[in-house]
Amino acid sequence: MRTSAVACVLGALAALLGGWLVARWCLGLVVIAEGALMVTWGILRDDGAGPVSLPRPGQGGTLAEVLERARAS
């Protein structure tokens with residue numbers, strides 16, 4: 001989820017930078033397009049499940065719990 005949020009923020013910043021560079025139209029259009037693609041990727045990548053809770057170091061867990069966490073991530 002953190003990666004998706006960072007991708008959305010970077011995409012929005014790239015779109016703003018592209019708008020500033022629009023006077024240099026070719027570079028500006030490329031940066032705007034890359035920003036839009038990054039925002040789209042960040043939104044579509046989120047599965048809506050929320051953060052996965054991981055055990056603390058030394059807490060261990062049963063084999064079934066470890067396999068279930070691995071399957072969920």
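Counting residues that are surrounded by 13 or more Cβ atoms within 10 Å (Cβ to Cβ) and at pLDDT 80 or above, which helices (runs of 4 or more DSSP H) fully inside the chain reach at least 3?
Details: elements: 2-20, 25-45, 63-72.
In the chain, the matching helices (runs of 4 or more DSSP H) lie at 2-20, 25-45.
Within the stretch 2-29, track down each residue that is in contact with an Asp or Glu (Cβ under 6 Å, 6 or more places away or on another chain) and of a type in the set (Ser, Thr, Tyr). Working first, answer last.
Start the filter on the stretch 2-29 by keeping residues that are in contact with an Asp or Glu (Cβ under 6 Å, 6 or more places away or on another chain), which leaves 4, 14.
Within the stretch 2-29, SER4 is the sole residue that qualifies.
Residue by residue through the stretch 1-35, note down the ones that are without any contact (Cβ under 8 Å) to a residue 12 or more places away in the chain and among the β-branched types (Val, Ile, Thr).
The answer is VAL9, VAL22.
The values are calculated or read from the model by the stated rules, or taken from the named source; none is laboratory data. Because the structure is predicted, anything quoted here is derived from the model rather than measured. Cβ atoms come from the backbone with ideal geometry, glycine included; neighbour counts cover every protein chain shown.
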